[in-house]
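Student: Structure in structure tokens, see below.
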Amino acid sequence: MNYGIISYESVYTDVSLTGSKILDNEIRNIGETGNRLTVKGMGIYLMKSMNSLVKGNKVYNTLRNSDKSESLPAGAISTSGSVNTTVENNVIDGSYMYGFVNDYSFNSNFNSNFVKNTRRSGAYFVNVNDVTVKNNHFENIGEVVFKGYFENTGLQYIKDQWKIKNYLNQSTGKNIRIENNFIVSDKDLLFFRGTGNKEKQIENKIKNNTFVNNIIKRSPGIPVTNESIAFREVDGNTNVISNNKTEKNNHK
């Protein structure tokens, strides 16, 4: 099965699909089996679906047999170009790739979700600003818990696929707030990276992001270090890491 639930805009416009509500569904076993690989397999996939609400869903065992190419946003719940979306009170249990992926979904909120058993990051952000990630639970995450990669939306390949002028020709990786989450992981916690001008012709420095008031449970002897929460290609000292609490996870 390619997708569990999909809300997908026409390729000819970016603004007609709005106000979708995906509520209280149970979705299982999405992707391929046997030797067949797929670029698909999302449990819930929003594409240019503006002002949407994804709430109260239970999503299990997604992105089976992913080809790992990431040419599509490979999340159990993926919001792509879906501005002003709220994702809350969902359960993700089992993803062969990421838990959440948010690319180009500016002004979105991920609140009070439970995410566990992902092979890659719990949440992955690409070319986006103004996102809140609050009061979530992340557990048994295969790679860095929060991952981000950010470019300037003036790049030609972005202009070729994105028609909303309000979000073109601007830097991304700004105002992403990761607050009051409960994280059970011995892996790195956050890695956000902007781009230098030699990489993409347009320099993109990230700024004004916060990782604060989170509770982190780790196995004894595995500390949180400066490398555990990392911002790279930054604009000054504007990214804030503070008031996080580390506890011992004695049940692992």
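The values are calculated or read from the model by the stated rules, or taken from the named source; none is laboratory data. Remember, predicted model here, so these are calculated numbers, not experimental data. FYI the Cβ positions are ideal-geometry reconstructions off the backbone, even for glycines, and counts take in every protein chain you see. With ligands, DNA and RNA removed, areas are computed over all heavy atoms of the protein, side chains included. Shrake-Rupley method; radii C 1.70, N 1.55, O 1.52, S 1.80 Å.
Student: Please verify whether ASN35 is surrounded by fewer than 22 Cβ atoms within 10 Å (Cβ to Cβ), modelled with pLDDT under 95 and not in a strand (DSSP E or B), treating the condition exactly as stated.
Tutor: Details: surrounded by fewer than 22 Cβ atoms within 10 Å (Cβ to Cβ): yes; modelled with pLDDT under 95: yes; not in a strand (DSSP E or B): yes.
In short, yes.
Student: For region 69-94: of the residues being among the hydrophobic types (A, V, I, L, M, F, W, C) and either open to solvent by 40 Å² or more (accessible area, probe 1.4 Å) or without any contact (Cβ under 8 Å) to a residue 60 or more places away in the chain (or both), which is farthest from VAL126 (Cα to Cα)? Explain how you work it out, then say what you get.
Tutor: Going through region 69-94, the residues among the hydrophobic types (A, V, I, L, M, F, W, C) turn out to be 72, 74, 76-77, 83, 87, 91-92.
Next, only the ones that are either open to solvent by 40 Å² or more (accessible area, probe 1.4 Å) or without any contact (Cβ under 8 Å) to a residue 60 or more places away in the chain (or both) stay: 72, 74, 76-77, 87, 91-92.
Working: LEU72: 12, ALA74: 12, ALA76: 16, ILE77: 14, VAL87: 16, VAL91: 22, ILE92: 20 Å.
Result: VAL91.
Student: Taking ILE222 as meeting all but one of (1) out of contact with any Asp or Glu (no Cβ under 8 Å at 6 or more places or on another chain); (2) hydrophobic (A, V, I, L, M, F, W, C); (3) more than 25 Å from ASN111 (Cα to Cα), write down the number of the exception.
Tutor: Unmet for ILE222, out of (1) out of contact with any Asp or Glu (no Cβ under 8 Å at 6 or more places or on another chain); (2) hydrophobic (A, V, I, L, M, F, W, C); (3) more than 25 Å from ASN111 (Cα to Cα): (1).
Student: Return the residues of region 118-176 that are within 12 Å of the chain's Cα centre (by Cα), outside any strand (DSSP E or B) and either of a type in the set (Asp, Glu) or under 23 Å from SER16 (Cα atoms) (or both); say none if nothing qualifies.
Tutor: Matches in region 118-176: ASN127, VAL128.
Student: Among the residues that make up region 203-222, is at least one of them over 19 Å from GLY99 (Cα atoms), small (Gly, Ala, Ser) and in a loop (DSSP other than H, G, I, E, B)?
Tutor: There is at least one residue in region 203-222 that is over 19 Å from GLY99 (Cα atoms), small (Gly, Ala, Ser) and in a loop (DSSP other than H, G, I, E, B).
Student: Now for a different question. Among all residue pairs at least 6 apart or on different chains, which show Cβ distances below 6 Å where the first residue, located in region 212-232, is touching a residue at least 24 places away in the same chain (Cβ under 8 Å) and the second is open to solvent by 70 Å² or more (accessible area, probe 1.4 Å) and among the hydroxyl-bearing types (Ser, Thr, Tyr)?
Tutor: Going by the 6 Å Cβ cut-off, the qualifying pairs are ILE216/THR246; VAL224/THR246.
Student: Name, by its number, the condition in (1) open to solvent by less than 60 Å² (accessible area, probe 1.4 Å); (2) over 24 Å from ASN152 (Cα atoms); (3) modelled with pLDDT of 95 or more that does not hold for LEU17.
Tutor: It is condition (3) that LEU17 fails.
Student: What number of residues in region 223-252 are under 21 Å from the mean Cα position of the chain (by Cα), part of a loop (DSSP other than H, G, I, E, B) and surrounded by fewer than 16 Cβ atoms within 10 Å (Cβ to Cβ)?
Tutor: Looking only at region 223-252, we keep the residues that are under 21 Å from the mean Cα position of the chain (by Cα), and these are 227-234, 239-241, 244.
From what's left, part of a loop (DSSP other than H, G, I, E, B): 227-228, 233, 239, 244.
Then drop every residue that is not surrounded by fewer than 16 Cβ atoms within 10 Å (Cβ to Cβ), which leaves 227.
Qualifying residue count for the region: 1.
Student: Let me ask something additional. Restricting to region 186-203, what's the tally of residues that are open to solvent by less than 10 Å² (accessible area, probe 1.4 Å) and within 17 Å of the chain's Cα centre (by Cα)?
Tutor: The number of residues fulfilling the criteria is 4.
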